[in-house]
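A.B. asks: First, the structure itself, so that you have it in front of you.
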Amino acid sequence: MSRPLGTSEEFLLPHEVKVGDLFQFDHAWYPVQDMVAGHGGSRILHFNARSPYTMSQAEIIARPISYADETGRLGRLLSP
């Protein structure tokens, strides 16, 4: 199954996950609604329509693309 439109595919560690990132379970995508720290650097991710998931290693997720800071990035790249 391909990732949802308007997202980028990311390979992230548990501490890099953000609320709103999408995880794929059983051929459906679920956005992270909340998360709490787990043991040994893991994260317990909470979703609306599924049971919590413990992320303990790097995984591929879909992150919504945000253009909010693109102006800042482009400005730094273009300035001498």
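A.B. asks: Against the condition open to solvent by less than 30 Å² (accessible area, probe 1.4 Å) and touching a strand residue (DSSP E or B) at 6+ places or on another chain (Cβ under 9 Å), how does residue 55 come out, does it pass?
C.D. replies: Yes, satisfied.
A.B. asks: Kindly indicate the residue of segment 54-80 that is out of contact with any Leu (no Cβ under 7 Å at 6 or more places or on another chain) and among the small types (Gly, Ala, Ser) and also modelled with the highest pLDDT among those meeting that condition.
C.D. replies: Within segment 54-80, the match that is modelled with the highest pLDDT is 56.
A.B. asks: Please identify the pairs in which a residue from segment 4-21 that is without any contact (Cβ under 8 Å) to a residue 40 or more places away in the chain has its Cβ atom under 8 Å from the Cβ atom of a residue that is among the small types (Gly, Ala, Ser), counting only partners at least 6 apart or on another chain.
C.D. replies: 15/41
A.B. asks: Then there is this: Looking only at segment 16-53, filter to residues that are assigned to a helix (DSSP H, G or I) and either in contact with a helix residue (DSSP H, G or I) (Cβ under 8 Å, 6 or more places away or on another chain) or closer than 23 Å to residue 65 by Cβ (or both); which one of those is modelled with the highest pLDDT?
C.D. replies: Kept after step one, since they are assigned to a helix (DSSP H, G or I), are these residues of segment 16-53: 16, 39-41.
Then keep just the ones that are either in contact with a helix residue (DSSP H, G or I) (Cβ under 8 Å, 6 or more places away or on another chain) or closer than 23 Å to residue 65 by Cβ (or both); that gives 16, 41.
Numbers: 16: 95, 41: 92.
Residue satisfying both the conditions and the ranking: 16.
The values are calculated or read from the model by the stated rules, or taken from the named source; none is laboratory data. Since the structure is predicted, the reported quantities are computational estimates derived from the model, not experimental observations. All Cβ positions, even for glycine, are placed from backbone atoms using ideal geometry, and neighbour counts span all protein chains on display. These accessible areas exclude ligands, DNA and RNA; they are computed on the full protein's heavy atoms, side chains included. Shrake-Rupley method; radii C 1.70, N 1.55, O 1.52, S 1.80 Å.
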